[in-house]
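Each reported figure results from applying straightforward, stated rules to the coordinates on display, with no laboratory input. Here the structure is a predicted model, which means the values were calculated and not measured. So basically every Cβ, Gly included, is an ideal-geometry build from the backbone, and we count neighbours across all protein chains shown.
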Amino acid sequence: MNKLALSGKIRQNFPNLTNQNHFITSPQTDNYNCIAWSFGVDNKWLDPTTPDSYWPFETVSTDPLEALVTAYQEKGYEKCDNPDLEAGYSKVAIYVGSEGLRHVAVQLESGNWTSKLGGLEDIQHETLGDLEGKKYGKAQILLKKRIT
């Protein structure tokens, strides 16, 4: 991993990130969030519960976690048991904390993960545990989709 200095906000919110296990892949922006990033959207904020937010899926629910899982299923994802790299599959991990849905990370072809940190930067990180903690909770739901 590229050894970039952690910004104060990243260091404060994600104590498991170190200069050795992540690197920044895009500048800070609040044009999109982790959910949008996980669907390949980098110019809109996706949120199943916010009326002003873009939500291009049929599923609408008062439970954002349920709405998000169903949206992935609409796109061909199915639940899986582990975060290990599997040839022929794309994976996403949904982080859940005490407040419910907190974050989504996407697995890269290398086996590393990419995340949009709210209004902060996009990063590449080695493991799901790198972002676990008070801010995002724990990666609790894993889904995979066959890549064609």
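Whether any residue in segment 11-27 is touching a residue at least 60 places away in the same chain (Cβ under 8 Å), under 16 Å from the mean Cα position of the chain (by Cα) and over 19 Å from Leu108 (Cβ atoms) is what I want to check. Yes; the residues of segment 11-27 include at least one that is touching a residue at least 60 places away in the same chain (Cβ under 8 Å), under 16 Å from the mean Cα position of the chain (by Cα) and over 19 Å from Leu108 (Cβ atoms).
Within segment 75-122, the set of residues being closer than 19 Å to Thr50 by Cβ and among the charged types (D, E, K, R) comprises Glu99, Arg102, Lys116. For segment 39-73, taking the residues that are closer than 29 Å to Ser110 by Cα and of a type in the set (S, T, N, Q), the one that is surrounded by the fewest Cβ atoms within 10 Å (Cβ to Cβ) is identified as Asn43. Comparison of Thr50, Thr62, Thr114 shows that the only residue that is closer than 19 Å to Thr127 by Cα and either assigned to a loop (DSSP other than H, G, I, E, B) or within 13 Å of the chain's Cα centre (by Cα) (or both) is Thr114.
Can you tell me which residue in segment 74-111 is surrounded by the fewest Cβ atoms within 10 Å (Cβ to Cβ), limited to those that are of a type in the set (Gly, Ala, Ser) and in a strand (DSSP E or B)?
Gly100
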